[in-house]
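Following: one structure in structure tokens, then a few remarks.
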Amino acid sequence: MLLRTAWRRVATAAPAALGPRAKAPTRGLRLRGIDLTPQSAVPSDAATALEAESVLRPLYMDVQATTPLDPRVLDAMLPYLVNYYGNPHSRTHAYGWESEAAMECARQQVASLIGADPREIIFTSGATESNNIAIKGVARFYRSRKKHLITTQTEHKCVLDSCRSLEAEGFKVTYLPVKKSGIIDLKELEAAIQPDTSLVSVMTVNNEIGVKQPIKEIGQICSSRKVYFHTDAAQAVGKIPLDVNDMKIDLMSISGHKIYGPKGVGAIYIRRRPRVRVEALQSGGGQERGMRSGTVPTPLVVGLGAACEVAQQEMEYDHKRISKLAERLIQKIMKSLPDVVMNGDPEHHYPGCINLSFAYVEGESLLMALKDVALSSGSACTSASLEPSYVLRAIGTDEDLAHSSIRFGIGRFTTEEEVDYTVEKCIHHVKRLREMSPLWEMVQDGIDLKSIKWTQH
């Protein structure tokens with residue numbers, strides 16, 4: 001009620017204080033218009049000039065990197081950013097109690113999405129921290145008896161780097177290769193498990209090629225061999241059905257900003273029965289059952305909880321709609337362009353992540369040509385490097401094809417018009433760039449590029 005009254009006062013006072021208001025930019029089909037200048041800083045005679053300078057932004061097709069905040073999530077967060085600002089760990093007054101109640105409600109919402117008990121959910125700053133706690137925490141706790149871990153070559157950078165830092169501490173790590181489809185061989189996993197293996201870590205959905213690993217089968221193998229199973233589910237939670245008990249998952253990493261929630265918040269699921277023990281990475285006040293010290297940011301965890309609840313309600317609808325749009329994008333591109341390869345298994349695949357290689361086109365030049373569509377040539381965490389994606393190399397993609405890959409991300413707010421516009425632009429620029437390419441010309445003349453011996457000058 002207080003919040004509503006405050007907003008009303010602001011709303012009535014604002015027009016008088018601001019004078020004539022600049023017309024809000026309209027969102028076109030091709031570009032999203034946004035005015036980044038604070039209205040109060042603009043004198044009325046500059047309003048027309050400002051309209052002309054309103055920034056045009058590209059269409060957003062990179063939802064594997066991050067997702068926009070769902071308006072329903074923002075609505076849930078606002079009261080805790082303005083009125084209910086108490087520390088959730090303050091036990092002596094109402095400000096603390098109301099924040100704690102909101103935090104526990106969010107914990108329940110996250111747990112409900114993955115079929116867990118709320119006491120098994122620990123709030124963190126994101127999936128990177130969750131992955132670090134899971135891998136380093138389990139390895140270090142059981143180091144006296146078990147010194148071996150297993151992961152795959154296509155994991156997220158933070159999983160691979162956590163494993164490398166454990167190798168420096170004296171642990172042994174097996175990096176399982178993946179098949180051409182991007183999926184691991186379950187027989188190889190079984191063969192890699194040793195008596196001193198403490199943890200197997202395999203991501204649910206790959207962030208670059210969208211491949212879904214056989215999580216349930218991996219969980220059964222780990223359970224039968226009494227090895228803990230961790231999965232990085234940042235790209236899967238809220239998008240495909242997950243049940244930690246049915247899939248025999250012992251630890252799971254979750255990210256807020258991948259499911260239309262706020263950035264800077266995530267969670268880790270840690271099984272209670274049979275109990276999984278982890279060594280805390282951070283020293284402090286012992287919050288979050290001693291596993292993650294530090295004040296829990298109430299507005300952010302409320303946002304994460306709301307995002308999980310919305311995802312649970314809309315998962316089926318979103319999946320159907322995204323599948324339809326993905327099919328439309330792939331069919332249109334494949335029909336119009338020859339020599340386009342889809343990376344990763346087409347069946348065991350999350351439809352919202354489409355990784356295509358356009359032969360005889362440099363991926364970076366295609367990205368620059370498609371400047372009015374926000375796309376990526378791979379993971380946002382490693383795209384600063386000019387090296388081809390390590391995920392594409394792991395699935396056996398030729399280096400030239402790996403360099404020509406583009407990742408298309410389709411999400412909850414992507415429209416059919418945006419998909420059609422992206423396809424149209426993509427086809428146009430691939431054809432244009434191929435016409436400029438001497439390699440494409442040689443292929444058209446029937447020359448086999450692999451038979452040529454290139455010499456350096």
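The values are calculated or read from the model by the stated rules, or taken from the named source; none is laboratory data. Since the model is a prediction, treat every value here as computed from it, not as a measurement. Reconstructed Cβ throughout: ideal geometry from the backbone, glycine too, with neighbour counts over all protein chains shown. Just so you know, the surface numbers come from the protein's heavy atoms only, side chains and all, with ligands and any DNA or RNA stripped out. Shrake-Rupley method; radii C 1.70, N 1.55, O 1.52, S 1.80 Å.
Tell me, yes or no, whether the range 41-57 has at least one residue that is crowded, with 18+ Cβ neighbours inside 10 Å and modelled with pLDDT of 55 or more.
Checked the range 41-57: no residue is crowded, with 18+ Cβ neighbours inside 10 Å and modelled with pLDDT of 55 or more.
Is one or more of the residues making up the range 94-106 in contact with a Pro (Cβ under 8 Å, 6 or more places away or on another chain), of a type in the set (D, E, K, R) and surrounded by fewer than 23 Cβ atoms within 10 Å (Cβ to Cβ)?
There is at least one residue in the range 94-106 that is in contact with a Pro (Cβ under 8 Å, 6 or more places away or on another chain), of a type in the set (D, E, K, R) and surrounded by fewer than 23 Cβ atoms within 10 Å (Cβ to Cβ).
Please go through the range 158-200 and pick out each residue that is free of Cβ contacts under 8 Å to residues at least 24 places away in the same chain and either touching a helix residue (DSSP H, G or I) at 6+ places or on another chain (Cβ under 6 Å) or in a helix (DSSP H, G or I) (or both).
Across the range 158-200, the qualifying residues are Leu160, Asp161, Arg164, Glu167, Ala168, Lys187, Glu188, Ala191.
Among the residues of the range 358-375, is there at least one that is open to solvent by 40 Å² or more (accessible area, probe 1.4 Å) and aromatic (Phe, Trp, Tyr)?
Yes - at least one qualifying residue is present in the range 358-375.
For the range 87-102, what are the residues that are more than 30 Å from the chain's Cα centre (by Cα) and not in a helix (DSSP H, G or I)? Break it down into steps so the answer makes sense when it comes.
First, the residues of the range 87-102 that are more than 30 Å from the chain's Cα centre (by Cα): 90-98.
Passing the criteria: Ser90, Arg91, Thr92, His93.
Considering only residues of the range 395-421 that are within 14 Å of Gly352 (Cα to Cα) and free of Cβ contacts under 8 Å to residues at least 60 places away in the same chain, which is most open to solvent (accessible area, probe 1.4 Å)?
Checked the range 395-421; the qualifying residue most open to solvent (accessible area, probe 1.4 Å) is Thr415.
In this structure, does Val73 turn out to be in contact with a helix residue (DSSP H, G or I) (Cβ under 9 Å, 6 or more places away or on another chain), surrounded by 15 or more Cβ atoms within 10 Å (Cβ to Cβ) and either of a type in the set (A, V, I, L, M) or modelled with pLDDT of 95 or more (or both)?
On the way: in contact with a helix residue (DSSP H, G or I) (Cβ under 9 Å, 6 or more places away or on another chain): yes; surrounded by 15 or more Cβ atoms within 10 Å (Cβ to Cβ): yes; either of a type in the set (A, V, I, L, M) or modelled with pLDDT of 95 or more (or both): yes.
For Val73, the condition - in contact with a helix residue (DSSP H, G or I) (Cβ under 9 Å, 6 or more places away or on another chain), surrounded by 15 or more Cβ atoms within 10 Å (Cβ to Cβ) and either of a type in the set (A, V, I, L, M) or modelled with pLDDT of 95 or more (or both) - is met.
Does at least one position in the range 108-129 carry a residue that is open to solvent by 50 Å² or more (accessible area, probe 1.4 Å), within 26 Å of Gln64 (Cβ to Cβ), assigned to a loop (DSSP other than H, G, I, E, B) and at pLDDT 95 or above?
yes
Given the criterion of a type in the set (D, E, K, R) and over 21 Å from Ala394 (Cβ atoms), identify the matching residue among Lys212, Lys263.
Answer to the selection: Lys263.
Just for the range 321-334: of the residues that are of a type outside the set (Lys, Arg) and farther than 19 Å from Pro241 by Cβ, which one is surrounded by the most Cβ atoms within 10 Å (Cβ to Cβ)?
For the range 321-334, the residue satisfying everything is Leu329.
Would you mind finding the one in Lys216, Lys212 that is within 20 Å of the chain's Cα centre (by Cα) and open to solvent by 10 Å² or more (accessible area, probe 1.4 Å)?
None of the other options fit; the residue is Lys212.
I need the full set of residues from the range 96-116 which are within 18 Å of Gly294 (Cα to Cα) and not charged (D, E, K, R), in order please.
Applying the first criterion (within 18 Å of Gly294 (Cα to Cα)) to the range 96-116 yields 96-97, 99-104, 106-107.
If the condition is that a residue be within 18 Å of Gly294 (Cα to Cα) and not charged (D, E, K, R), then Gly96, Trp97, Ser99, Ala101, Ala102, Met103, Ala106 are the ones that fit.
Of everything in the range 137-159, what is touching a strand residue (DSSP E or B) at 6+ places or on another chain (Cβ under 7 Å) and open to solvent by 10 Å² or more (accessible area, probe 1.4 Å)? Give them in sequence order.
Selection gives Tyr142, Lys146, Lys147, Gln153, His156.
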